[in-house]
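Enquirer: Sharing a structure here in structure tokens format.
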Number of protein chains: 2
Amino acid sequence: MTAGRMMRLGMSLRGLGYHIAAWRHPQVPADGTLRFDHYLRNARAAERGLFDMIFFADGIGIREKDEPRGSLARSGYEIVELEPMTLLPALAALTRNIGLVTTASTTYNEPYHVARKFATLDIISDGRAGWNIVTSWSEAEARNFNRDSHLDYDMRYGRAAEFVEVVTGLWDSWEADAFPYDKAGGLFYDERRMHVLDHQGRHFKVRGPLNVAAMPQGRPILVQAGASEQGREIAAATADVVYAAQDSMQAAQAYYADLKGRMARYGRDPDHLKILPGVRTVVGRTRAEAQAKFDELQSLVDPLVGLARVFNALGDLSGHDVDGPVPEPVIEPQMRSSVERILARARRDNLTIRQLYTQLTAGGFILIGTAADIVDVLQEWFEAGACDGFNVLPTHLPVACEDFVEHITPELQRRGLFRTAYEGRTLRENLGLPPHVNRHTAARRAVE
Amino acid sequence: MTAGRMMRLGMSLRGLGYHIAAWRHPQVPADGTLRFDHYLRNARAAERGLFDMIFFADGIGIREKDEPRGSLARSGYEIVELEPMTLLPALAALTRNIGLVTTASTTYNEPYHVARKFATLDIISDGRAGWNIVTSWSEAEARNFNRDSHLDYDMRYGRAAEFVEVVTGLWDSWEADAFPYDKAGGLFYDERRMHVLDHQGRHFKVRGPLNVAAMPQGRPILVQAGASEQGREIAAATADVVYAAQDSMQAAQAYYADLKGRMARYGRDPDHLKILPGVRTVVGRTRAEAQAKFDELQSLVDPLVGLARVFNALGDLSGHDVDGPVPEPVIEPQMRSSVERILARARRDNLTIRQLYTQLTAGGFILIGTAADIVDVLQEWFEAGACDGFNVLPTHLPVACEDFVEHITPELQRRGLFRTAYEGRTLRENLGLPPHVNRHTAARRAVE
């Protein structure tokens, strides 16, 4: 067949899923975030579904906020989990084709470590590594790393840009033909093909060379969630994949056009960056079945956990009847606009407190229906220039991951929107990205 | 059988082995340090041989010294290799019983990362993780981490002691019964069993709690190579295993007695620290075969690489005939004692330059002979209070690792000095160490 443009799909596998009550669902292993078999089961399901990659978001600490008092211990969300950079090599050993992407913070790491670990993961996985570049934002993380508060925005992004420059520089330390391994002649490496970075910048001083080489992808895939102005520029300059967060097609189209439009300035082909909005899906054989699945999850939201979700906007409502009306809050001036949006919704639809927080905890872009219903929307976005595919945020694991693979993937394939077998050996090849050319090799070729 | 005291054995798997010419040996894969299958083959051999653990030494950079000019590119030693903290989880997924120990530097890491990664490895491996605590010493590493030179000794050791205090504190963040996972009642964790470290020290400020819990070993094994005064104190206070470096039995006995003697002050049973000197073995069916194996390796030492080994002591000898006599060097005063020791040996035995550097590159404690010859010495050390077992430093991989397992392990078993099957589920159990009791649980029990 002459394949048309194909969707790229990622599956986010953090924790027990992206619904805040996931851990209470009868089919979810509540202790799964501390069990390797939980992660392995989901990774294998995603690979069975021919996903381009699995992805782990990450935080280097537990958020401290526990308001109303007692809500954190009842949330079961982002409390304890396996460290993804240690988890992925183990998953690499037991999978074969699926890409392996994880977050590493540029604020709380050193570039030499990050370069080395992702290079190693790329080798162990035979070319399936990807790095999601984040700057971190929480006070909880700052306090685990010798600080009282997190770095300000400009400092974080300045550091991030330089961090990426150092890491990508280190990855080019050795050209592909750097190692003759000549036992008879006694030559292990060719000095002319080894390059000392000698970076000296505002945030980092890193000499190099990297002590890892020969990555099957040339270098790992770079992933970002560049929403802000500086984030978009970094993404346009260097990212291979972007996780987007728009929950309307119009907003997604605008973001897509803007980001791809910035790439020409960096001499990049817009097709060499894949933009994947996050989407939650709840699929059933009928619409009623899908809705019932969703309603079951929503019914599991603990009142204290729900109240924690609206605490910032509305204050402590734990003294109120959650099945009564939303009271008039005392609003801090800087919160006014978001609070008024929430309140307007509560008043318009005559919501109780419980109805309000369950609506708010459901997340942004969520599709509930049959496989055909859901694929109708995915296809519309894909064909309307809103995305190059999607990053699936399963509500609860393993259920939502396996449901997608069993019901939605076949529907995408029937419509010719998604692969029926992995095309390439590496993540880079499966994503349809060009090979990475070492900068020093490129420079030599240019003068030859 | 009523087992007597059993030897503990570790196998060091860094690179292509501990002989400087290993990469040129015909049975060694010269590109092995960048191939996962190389590491896996050796890990599986060590597990077949019932070793307690495999171990990876590590450096976070490539040493810069290339004197005489061109020697580094010919050495093939500690140039490029997989990052061990990323490698071990992949080996964990494909092995079952063997302990997995790697180095992580307290100078170039943050304790929260180290605590989190080793806790995760302990879960993935089902209780087989160990952390070798080092302070790093090389300029090459300093220059990859924003510095011009490495920290001075007191600063490094002060930081190391505090680093270990923070990591072990974080590992106790959650008591064993912290997670009721009560879906019906909605309680995920029990606040009374979660502990905020809130460490504020000279080098670190780390709040915690750790976002990993439920390690099968309670906490990973702590390993050290405490040779210096401060290193010995840290080892006596906290280490489960020590890698020692004495190459005479008398020196090993003195070290053993000293270190075990320091433990009472910390309220520790001397049997709860296992001291393992490093040993190289070259085994043959006959002594002549063993010697021929060793001579082959020695013959592969490249003259430039050999001259680099004596450069510090004797200066650049690359203008001399390596098969001629050792010339009188110009000696820097601070080097005088070590240089004079080397020179005295050369003069006494009438060595050529080549003979001198091949002797020096062979390493410290090396045993060459039949399995019975080698086990005679290992047994003598073990029974004379010089050690609790050994850390094997294979000359070249996979040969020396597989040779040990095939020839030496059976001889140790025949004499009742080594296990014939793994006794326990975890590394801690196999080493005969007591269970780890969470400090907060212990404190509660004490008042109850």
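Enquirer: Kirkwood hydrodynamic radius of segment B:204-315 from all distinct Cα pairs, in Å? Mind showing how you got there, number by number?
Expert: Working: mean 1/r = 0.0553 Å⁻¹.
18.1 Å is the Kirkwood radius here.
Enquirer: Across segment B:310-448, how large is the tail of the calculated P(r) beyond 22 Å, expressed as a percent of all Cα pairs? Can you show the working numbers first?
Expert: Details: 5984 of 9591 pairs.
Summing the P(r) tail past 22 Å for segment B:310-448 gives 62 percent.
Enquirer: Further, regarding this structure: With 10 Å bins from zero, work out the P(r) of segment B:240-389 over every alpha carbon pair and list the percent per bin.
Expert: Whole-percent P(r) values from 0 Å outward: 10, 29, 28, 23, 9, 1.
Enquirer: Same structure, new question: What are the nm distances, shortest first, from B:A254 to its equivalents in the other copies, labels at 7 Å along Cα→Cβ?
Expert: Listed shortest first, these distances are 7.8 nm.
Enquirer: Another question about this same structure. Please state the relative contact order of chain B as a whole percent: Cα pairs under 8 Å, 6+ residues apart?
Expert: Details: 779 pairs, mean separation 107.2, N = 448.
Across chain B, relative contact order equals 24 percent.
Enquirer: Follow-up question, since we're still on this one. Using a label point 7 Å beyond Cα on the Cα-Cβ vector, give me the inter-copy distances for A:V330 in nanometres, one decimal, shortest first.
Expert: Label-point separations across copies, in nm and ascending: 8.2.
Enquirer: I need the calculated FRET efficiency for the pair A:D198 and B:S228, taking r as the beta carbon distance and R₀ as 41 Å, to the nearest 0.05. If you can, show how the numbers build up before the last one.
Expert: Values: r = 33 Å, r/R0 = 0.80.
Using R0 = 41 Å, I get an efficiency of 0.80.
Enquirer: Provide, for q = 0.13 Å⁻¹, the log10 of I(q)/I(0) from a solvent-free Debye sum over equal Cα point scatterers in segment B:71-173.
Expert: -0.57
Enquirer: OK, next. Which number comes out as Rg/Rh for segment A:325-403 once both Rg and the Kirkwood Rh are worked out on C-alpha atoms?
Expert: Values: Rg = 17.1 Å, Rh = 15.6 Å.
My calculation puts Rg/Rh at 1.10.
Enquirer: Express in whole angstrom the spacing between the alpha-carbon centres of segment B:377-448 and segment B:222-242.
Expert: So the two Cα centres are separated by 17 Å.
Enquirer: Let me ask something else. Among B:S337, B:G319, B:F294, which residue has its Cα positioned farthest towards the positive end of the charge dipole of segment B:288-361, with +1 placed on the Cβ of Lys and Arg, -1 on the Cβ of Asp and Glu, and the dipole taken about the Cα centre?
Expert: Result: B:S337, furthest along the dipole toward the positive end.
Enquirer: Something else about it: Under the √(5λ) rule applied to the eigenvalues of the Cα gyration tensor, what semi-axes describe the equivalent ellipsoid of the protein assembly as shown? Give them in Å, descending.
Expert: The three semi-axes for the protein assembly as shown are 52, 32, 25 Å.
Enquirer: Ignoring ligands, DNA and RNA, please state the percent of accessible area on segment B:288-361 from carbon and sulfur, probe 1.4 Å. Kindly include the intermediate steps, with their values, before the conclusion.
Expert: Values: 2070 of 4060 Å².
Ligands and nucleic acids excluded, carbon and sulfur give 51 percent.
Enquirer: Which value, in square angstrom to the nearest 100, describes the accessible area buried between chains B and A on both sides, using a 1.4 angstrom probe?
Expert: Working: alone 20570 and 20590 Å², together 34360 Å².
In total, chains B and A hide about 6800 Å² from solvent.
Enquirer: Report the calculated FRET efficiency for B:V437 and A:D247 (r = Cβ-Cβ distance, R0 = 60 Å), to the nearest 0.05. Mind dumping the intermediate values first?
Expert: Numbers: r = 49 Å, r/R0 = 0.82.
Here the calculated transfer efficiency is 0.75.
Enquirer: Let me ask you something else. Add +1 for every Lys or Arg and -1 for every Asp or Glu among the other residues with Cβ under 15 Å from the Cβ of A:R48, and state the total.
Expert: Working: positive: A:R41, A:R44, A:R96, A:R419; negative: A:E47, A:D52, A:E402, A:D403, A:E406.
Cβ neighbours under 15 Å give a net charge of -1.
Enquirer: Hey, what angle do you get for helix B:287-299 against the long axis of chain B, alpha-carbon based, 0 to 90 degrees rounded to 10?
Expert: 80
Enquirer: Where q = 0.13, 0.17 Å⁻¹, what log10 of I(q)/I(0) comes from the Debye formula for segment B:233-295, counting one point per Cα?
Expert: Here log10 of I(q) over I(0) equals -0.48, -0.63.
Enquirer: Something else: Skip the ligands, DNA and RNA, and give the accessible area per residue of chain A with a 1.4 Å probe, whole Å².
Expert: Details: 17190 Å² over 448 residues.
Accessible area per residue, chain A: 38 Å².
Enquirer: Still on this structure: Per the Debye formula with a single identical scatterer at each Cα and no solvent contribution, what log10 I(q)/I(0) holds for segment A:296-361 at q = 0.13, 0.14, 0.24, 0.29 Å⁻¹?
Expert: Debye output, listed in q order: -0.31, -0.36, -1.06, -1.47.
Enquirer: Let me ask another. In deg cm²/dmol and to the nearest 500, what is the mean residue ellipticity at 222 nm of chain A if only DSSP H runs of at least 4 residues count, each as -39500 (n - 2.57), divided by the residue total?
Expert: On the way: 17 runs with 175 residues, N = 448.
It comes out at -11500 deg cm²/dmol, rounded to the nearest 500.
Enquirer: If you don't mind, there's one more thing I want to ask. In nanometres, what is the gap between the two model label sites at A:A176 and A:R35, each 7 Å from Cα along Cα-to-Cβ?
Expert: With each label point 7 Å from Cα toward Cβ, the separation is 4.4 nm.
Enquirer: Let me ask another. Determine how many Å³ per residue the convex hull of the Cα atoms of segment B:382-448 encloses.
Expert: Numbers: hull volume 11.1 nm³, N = 67.
Roughly 166 Å³ of hull volume per residue.
Enquirer: Using Cα atoms only, what is the angle between the long axis of helix B:249-262 and the major principal axis of chain B, expressed in degrees (0 to 90) to the nearest 10?
Expert: Tilt relative to chain B: about 20 degrees.
Enquirer: A further question follows. Quick one: what Rg and Dmax do you get for segment B:21-82 from the alpha carbons, in Å?
Expert: 14.0, 43
Enquirer: Of B:K117/B:K274; A:K260/A:K293; A:K117/B:K260; A:K117/B:K183; A:K117/B:K65; A:K205/A:K260, which sit over 26 Å apart, Cα to Cα?
Expert: Values: B:K117/B:K274 24 Å; A:K260/A:K293 37 Å; A:K117/B:K260 37 Å; A:K117/B:K183 37 Å; A:K117/B:K65 24 Å; A:K205/A:K260 32 Å.
Correct reply: A:K260/A:K293; A:K117/B:K260; A:K117/B:K183; A:K205/A:K260.
Enquirer: Could you tell me how many degrees, from 0 to 90 and to the nearest 10, lie between the Cα long axis of helix A:336-348 and the main elongation axis, the longest principal axis, of the Cα atoms of chain A?
Expert: Helix A:336-348 and the main axis of chain A meet at about 50 degrees.
Enquirer: Also, I was wondering about something else. What whole-number value in cubic angstrom gives the convex hull volume per residue for the C-alpha atoms of segment B:1-112?
Expert: Numbers: hull volume 17.7 nm³, N = 112.
That works out to 158 Å³ per residue.
Enquirer: Let me ask something else about it. In the full protein assembly as shown, how much of A:E328 is accessible to a 1.4 Å probe, in Å² to the nearest 10?
Expert: 130
Enquirer: Taking every pair of alpha-carbon atoms in segment B:134-235, give the share separated by more than 23 Å as a whole percent. Don't jump to the answer; show the numbers that get you there.
Expert: Numbers: 2339 of 5151 pairs.
Cα-Cα pairs of segment B:134-235 separated by over 23 Å account for 45 percent.
Enquirer: Can you tell me the FRET efficiency between A:Q359 and A:Y266 if r is taken as the Cβ-Cβ distance and R0 is 35 Å, rounded to the nearest 0.05?
Expert: On the way: r = 41 Å, r/R0 = 1.16.
With a Förster radius of 35 Å, E is 0.30.
Enquirer: Return one quarter of the surface area of the convex hull spanned by the alpha-carbon atoms of chain B, equal to its mean projected area, in nm². Mind dumping the intermediate values first?
Expert: Values: hull surface 98.2 nm².
Taking the Cα atoms of chain B, their convex hull projects to 24.5 nm² on average.
The values are calculated or read from the model by the stated rules, or taken from the named source; none is laboratory data. Please read all numbers here as calculations on a predicted model, not as lab measurements. Cβ: placed from backbone, ideal geometry, glycine included. Neighbour counts: every protein chain shown. Just the protein is used for accessible areas: all its heavy atoms, side chains included, with ligands, DNA and RNA removed. Shrake-Rupley method; radii C 1.70, N 1.55, O 1.52, S 1.80 Å.
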